[in-house]
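Right, one structure below, let's go through it.
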Amino acid sequence: MSGKRPAPDLPEPLAPLVDAHTHLDACGATDAESTRVIVDRAASVGVGTIVTVADDLTAAQWAVRAANWDSRVYAAVALHPTRANALDDDAKAELERLAADPRVVAVGETGLDYYWPGKLEGCADIETQVEGFRWHIDLAKRLRKPLMIHNREADHDLLAVLLDEGAPEKVIFHCFSSDTNMALSCVAEGYLLSFSGTVSFKNAHELREAAKVVPDEAILVETDAPYLTPHPFRGAPNESYCLPYTVRALAEVREQDPLELAKITTANARRVYGI
């Protein structure tokens, strides 16, 4: 994501839609008013509900506040796998407190990221990530809330940890980015797959093929804003209002009517998040 390109124009409205994963704070929201502005903009094109997601403790605290400022916003809280080395006893206690809030609809984003170790200074090593992932799985099960997964280049090990620990009843692979084999493996376990703007990228051949095999009841849509802005706006800042662009691109890949896909993904989001 780059700020050099102007923000995309408002898309033609498509409703109803739920943005299953975004980062309102990273999009510039700081308080109730700036949050309302972003949410209003999304609502104007049919995106009536937003799940704002944390990747560190400060973001988790903010996400819960935002979800209590605006009835259209819900939160997910966790430490991102690359930050699993910050999961000390105090952080665990605070995350448990935050995750129990009624406005928190998932534990996430957690999981495994094999791309950043060795590239990103201070990134948690793989062993620490696995330990953190196991703790978040347990938290989701104890609270009976969905587990929201971040997976980057860790397909095999991630599924192995879920199998070993015993997955929660509801598991969401946010920003699904793997191939058809991984998609089928997840679907077989009853997991939901959430697709972002990357599914609109013409060079994302394996991902676009994977999107075709996901059954209607297992699919969600998200922006992951401010990142992964859909084609033809790559490099521009993303926001929840851009979700209709992704849904139309996904519908084209799956040979579905965009309005029907919007209804399907919204019903799935409401079911999995309990909203």
Being on the phi < 0 side of the Ramachandran plot, part of a loop (DSSP other than H, G, I, E, B) and buried (at least 24 other Cβ atoms within 10 Å of the Cβ) is the requirement here; does L10 meet it? no
Does W69 satisfy the condition of being farther than 23 Å from F195 by Cα and within 19 Å of the chain's Cα centre (by Cα)? no
For segment 62-78, give me each residue that is crowded, with 24+ Cβ neighbours inside 10 Å and either touching a Gly at 6+ places or on another chain (Cβ under 9 Å) or over 17 Å from K145 (Cβ atoms) (or both). A66, A76, V77, A78
Determine whether segment 136-148 contains at least one residue that is touching a Leu at 6+ places or on another chain (Cβ under 9 Å) and in a loop (DSSP other than H, G, I, E, B). yes
Condition set of a type in the set (A, V, I, L, M) and surrounded by 18 or more Cβ atoms within 10 Å (Cβ to Cβ), scope segment 135-155, selection farthest from A20 (Cα to Cα): answer is A154
Taking the condition of being open to solvent by less than 50 Å² (accessible area, probe 1.4 Å), touching a Pro at 6+ places or on another chain (Cβ under 8 Å) and assigned to a loop (DSSP other than H, G, I, E, B), how many residues in segment 29-54 meet it? 2
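State yes or no: is G190 in contact (Cβ under 8 Å) with a residue 12 or more places away in the chain, farther than 19 Å from L95 by Cβ, small (G, A, S) and surrounded by fewer than 23 Cβ atoms within 10 Å (Cβ to Cβ)? If you could, list the steps in order and put the result at the bottom.
Details: in contact (Cβ under 8 Å) with a residue 12 or more places away in the chain: yes; farther than 19 Å from L95 by Cβ: yes; small (G, A, S): yes; surrounded by fewer than 23 Cβ atoms within 10 Å (Cβ to Cβ): yes.
So G190 fits the description; yes.
Here is a list: I219, I275, I264. Which entry is of a type in the set (A, V, I, L, M) and within 14 Å of S177 (Cα to Cα)?
Values: I275 fails: within 14 Å of S177 (Cα to Cα); I264 fails: within 14 Å of S177 (Cα to Cα).
Unique residue meeting the criteria: I219.
Return yes or no: is P81 in contact with a Gly (Cβ under 8 Å, 6 or more places away or on another chain) and not charged (D, E, K, R)? So that I can check it myself, show each step before the final result.
Values: in contact with a Gly (Cβ under 8 Å, 6 or more places away or on another chain): yes; not charged (D, E, K, R): yes.
Answer is yes for this residue.
Do we have R83 as open to solvent by 60 Å² or more (accessible area, probe 1.4 Å) and in contact (Cβ under 8 Å) with a residue 60 or more places away in the chain here? Let's see the steps before the verdict.
Numbers: open to solvent by 60 Å² or more (accessible area, probe 1.4 Å): yes; in contact (Cβ under 8 Å) with a residue 60 or more places away in the chain: no.
It is false that R83 is open to solvent by 60 Å² or more (accessible area, probe 1.4 Å) and in contact (Cβ under 8 Å) with a residue 60 or more places away in the chain.
Which of the residues spanning segment 117-134 are open to solvent by 20 Å² or more (accessible area, probe 1.4 Å) and part of a helix (DSSP H, G or I)? Break it down into steps so the answer makes sense when it comes.
Residues of segment 117-134 open to solvent by 20 Å² or more (accessible area, probe 1.4 Å): 117-123, 125-128, 130-131, 134.
Within segment 117-134, I126, E127, T128, V130, E131, R134 meet the criteria.
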Going residue by residue through segment 106-114, is there one that turns out to be without any contact (Cβ under 8 Å) to a residue 40 or more places away in the chain and surrounded by fewer than 22 Cβ atoms within 10 Å (Cβ to Cβ)? no
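The values are calculated or read from the model by the stated rules, or taken from the named source; none is laboratory data. If you're wondering where the values come from, they're calculated on a predicted model, not measured in any experiment. Cβ sites come from the backbone with ideal geometry, for glycine too, and all protein chains shown count toward neighbours. The protein model used for the area step is the full one, side chains on, heavy atoms only, and it has no ligands, DNA or RNA in it. Shrake-Rupley method; radii C 1.70, N 1.55, O 1.52, S 1.80 Å.
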